[in-house]
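Written below as C-alpha cells is the structure these notes are about.
The values are calculated or read from the model by the stated rules, or taken from the named source; none is laboratory data. Please read all numbers here as calculations on a predicted model, not as lab measurements. Cβ placement follows ideal geometry from the backbone for every residue including glycine, while neighbour counts extend to all protein chains displayed. Surface areas here come from the heavy atoms of the whole protein model, side chains and all, with no ligands, DNA or RNA. Shrake-Rupley method; radii C 1.70, N 1.55, O 1.52, S 1.80 Å.
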Amino acid sequence: MSANRFVAEKPARILIVDDERQNRQLLEVMLKPEGFLLQTASSGEEALATVALNAPDLILLDIMMPGMNGYQVAAKIKGDVATKHIPVIMLSALDDRNSRMHGLNAGAEDFLTKPVDRAELCARVKNLLQLQTYGDYHDNYSQLLETEVTSRTTALAESERLYRSTFDAAPVGIVHVGLNGQWLRVNQRLCDFLGYSREELQSSASQQLLQSEETAAEAESFRLMAAGSLDRHTVDEKRYRRRDGSHVWARVHTSVHRDASGQPQHFISVIEDITDRRTLEAQVRQASKMDAVGKLASGVAHDFNNLLTVILGFAEMMREDIAMPGHHRQDLEEIIKAAKSASGLTRQLLAFSRQQVLNTEPLDVNGLIRDMTGMLRRLIGEHIEITMVLASDLPSVMADRGQFEQVVMNLVVNARDAMPDGGLVRIETMDVELEDSTAHEETVMVGRYVMLSVTDTGNGMSKETQKRLFEPFFTTKETGKGTGLGLSTTYGIVKQSKGYIWVDSEPGRGTTFKVYLPRSDAAPGVQALSPPVSPAKPASETVLLVEDEAGVRQFSKRILDNAGFRVLEATNGNEAEKVFEHHADSIDLVLTDVVMPGCGGPELLGRLQVHRPDLKVLYMSGYTELSAAHTAGFDRGLPFVQKPFSSSELLRQVREALDR
C-alpha cells in the first residue's frame, strides 16, 4: 500500500491550540475546505489532555498563551515517546530569529507568522503531513525488515522491492546519510532535482560537487541526534549546485534511524525543493521595495514642483522687467536655467514612479536609433567606438517617442561613463520571444517582444551593485558626477511601457543592458506638427483660486490679475466654500489644487456643484494628471495643469477651461 493511498483513506486530524477564540475560528475556516478533521483547544493544558486521549496527526500551536505557553507544550509533546512523532507548526505574531529558533529547538517542525496566509498555511500543513506519512512509512517498514530478515528471505526480497519503489516514488528528495557524513543512498527524485547520477551523489566527492557547506549548527545537530539528545533537525534554506552550474534551494528535514538496540545507524534527510517559492518571495520583496521607493519619489517630486512653480514663475515675471540692468538679467537667466534643470529632475522622479503621462504611438525602434546616431556619437566622444546591429523587418512597439529616446540616451551615457579610457559600445535590436522562467527575478508575460541591447566593454559591476542599480539616487560615480537618476528613470519608463529591463555584467567583463518592449502590429506613424497657437482673448471673468501653498497662490493670482481676471482667493477647501457663498453667481471658474489639508479639490468641486452644477474647474497639482486622478479620485479628462507651469501655460489652460 503506497503512502498516497494511506493519506487518501483516512482524513488527517488537526488540533488547533490558541487561547483566542477568533484565531481558532479563523484557522478552522481556512482548513475546513481541505477536508481535514479539526479539533480545538484553548490552552496548553487542554491541548495536552486532548493529545493524551486521542493523538492528532498534526498540531497548530500558538506561542503566547496564559499558563503553559507554546514552547512548553511543544517540549512536553516531543518529550513523550508516544507523541514525539506528531508534527507541530508554531504560530506567532513575533517574526524574529530568536522566537523562531526557540520554537524549533522546542521540537516544532515549522513556524508561521501571524497574520497567516491561507494558501501558505494549507501548503505547509499538507507538506508536513505528506513528509510525516513517508517518514512513518519508511521507519515502520525498516523495522519490519529487521525482524523478518533471518526467517523470511522471500518476504524480505518482496519487502525490499516495495521499499525501493516507495523510496524512489516519493515526491521529495530522500537521502540516507552515514554517521561520517557521506551520502549512502539517494532516491530518484533527488537525482532529478540535482542533475547527478546515484553513483555521483553516493561518492565521497558529493559535497564537493554540490558545493553545500555544512554549518556549525548542522554539525552540532547531527552530533546531538546520534547521541539521542535531539530527535530531528530542520534547515529552512540550504543551497545546492546542480550539474548544469545553476543553484537550487531546499528545505532539509533530518532525523536519525536506529537499530533494534537503539544504536544510530544513519541519518535520513528529506530534501524539499523551495527554489520557486524562494524566487517568488524575492520577487514580492523587490516589487514592494520599488513600489515604496516610487511612492517616496513621487511625493518628493510633488513638493519640489510646488517650490519650482514659485521660483520659475516669479523669475520669469522679473525677466519681463525691461528696466532691469543687464548683469542682473544674466544672473536671473542662470536662476531660471537652474530651476528648469531641477524641473527635469522631478520629471525623472515621476518617470521612475511610473506617473509620467506617456503619449504612446507605434514606434519604429530602428528608425529612432538611426535618427539619434549623430547625437549619440557626439555624446560619447571620439575615444569610444559605437557600432549598430539592427535587425531587418523589426516590428514596431507602442511607446512614447520622447521617453524612448531618453531610455536610449541614458543607456549610452551609462556605457560611456563605464569606459573613461575608451572602448566599444554596441547597440543591437532583435525580434524575440520571451518565456517565463525562474531565471528572471520577476514574473514575465509570455509573448513576442522587440529587444534593444546596449553593450559596453567597460569595467562591469558586481552582483551587489546590480541589485541596487535601478534605485533612485544610487550611483557608483564620484560625488558631484551623477544624480543617480538615469537608470532609475529608464527603469520607470520601461515598466510603464509594460516592458522589462535586465542587466548582465561581471567585474572586468563589461555590461549589457537589455530592454524588452511588447511588439505592435500597427505601422509607425508620421509625427504631426503642433497646431498654431491662437492669440489670447481679453479676460474679464471671475476666478476662485484655491491653493494652500502661499507662494504658488500669490504667483497664480498675479498672473491672473495681470491678464484682467477678477481673482477671489482661498487657502483651502473650507475657506473656498465660504467665499463661494458670497459670490456664487459671479464665479466663472474654480482654479484649485488637487491635494490640500482637510478638503481637497475634487471634494470641494462636488460641494460647490450642488449649488452650481454648471460650474467649471481647472485642477492643478505637483503630481501628474494620472497620479493626481488616482490619489484624489477625480475623472481624468477634466482640465488639468501640472506644476511647475509658466504664465503663458496657466493662462492658456484657464482660457481652454472657460471655453469648454
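A few remarks follow.
- Number of the condition not met by Leu94 [criteria: (1) at pLDDT 85 or above; (2) assigned to a loop (DSSP other than H, G, I, E, B)]: (1)
- Here the helices (runs of 4 or more DSSP H) wholly within the stretch 189-239 that include at least 1 residues being aromatic (Phe, Trp, Tyr) are 216-227.
- Note on the stretch 518-528: residues that are open to solvent by 70 Å² or more (accessible area, probe 1.4 Å) and modelled with pLDDT of 65 or more total 3.
- Odd one out for Val444 among (1) open to solvent by less than 40 Å² (accessible area, probe 1.4 Å); (2) farther than 30 Å from Thr275 by Cβ: (2)
- Evaluation of Thr150 against (1) over 34 Å from the mean Cα position of the chain (by Cα); (2) surrounded by fewer than 19 Cβ atoms within 10 Å (Cβ to Cβ); (3) modelled with pLDDT of 80 or more (one fails), failing number: (3)
- Filtered by the rule that a residue be open to solvent by 30 Å² or more (accessible area, probe 1.4 Å), among the polar types (S, T, N, Q) and touching a strand residue (DSSP E or B) at 6+ places or on another chain (Cβ under 9 Å), the stretch 215-268 gives Thr215, Ser255, Gln265.
- Residues located in the stretch 48-94, provided they are open to solvent by 10 Å² or more (accessible area, probe 1.4 Å) and touching a Phe, Trp or Tyr at 6+ places or on another chain (Cβ under 6 Å): none
- Count of residues meeting criterion [closer than 17 Å to Gln642 by Cβ, assigned to a helix (DSSP H, G or I) and open to solvent by 50 Å² or more (accessible area, probe 1.4 Å)] in the stretch 547-572: 0
Each row is one residue, and each column tells you yes or no for (1) within 22 Å of Glu28 (Cβ to Cβ); (2) touching a residue at least 24 places away in the same chain (Cβ under 8 Å); (3) in contact with a strand residue (DSSP E or B) (Cβ under 6 Å, 6 or more places away or on another chain).
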{"position": "Ala55", "(1), (2), (3)": "yes, yes, no"}
{"position": "Leu58", "(1), (2), (3)": "yes, yes, yes"}
{"position": "Lys76", "(1), (2), (3)": "no, yes, no"}
{"position": "Asp80", "(1), (2), (3)": "no, no, no"}
{"position": "Lys84", "(1), (2), (3)": "no, yes, no"}
{"position": "Leu91", "(1), (2), (3)": "yes, yes, yes"}
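- Hey, Val654 crowded, with 18+ Cβ neighbours inside 10 Å, at pLDDT 80 or above, outside any helix (DSSP H, G or I) and touching a helix residue (DSSP H, G or I) at 6+ places or on another chain (Cβ under 9 Å) or not: no
- For the stretch 529-556, the tally of residues that are at pLDDT 90 or above and out of contact with any Lys or Arg (no Cβ under 9 Å at 6 or more places or on another chain) stands at 1.
- Matching residues, the stretch 220-231, being farther than 13 Å from Arg258 by Cβ and in contact with a Gly (Cβ under 8 Å, 6 or more places away or on another chain): Phe222
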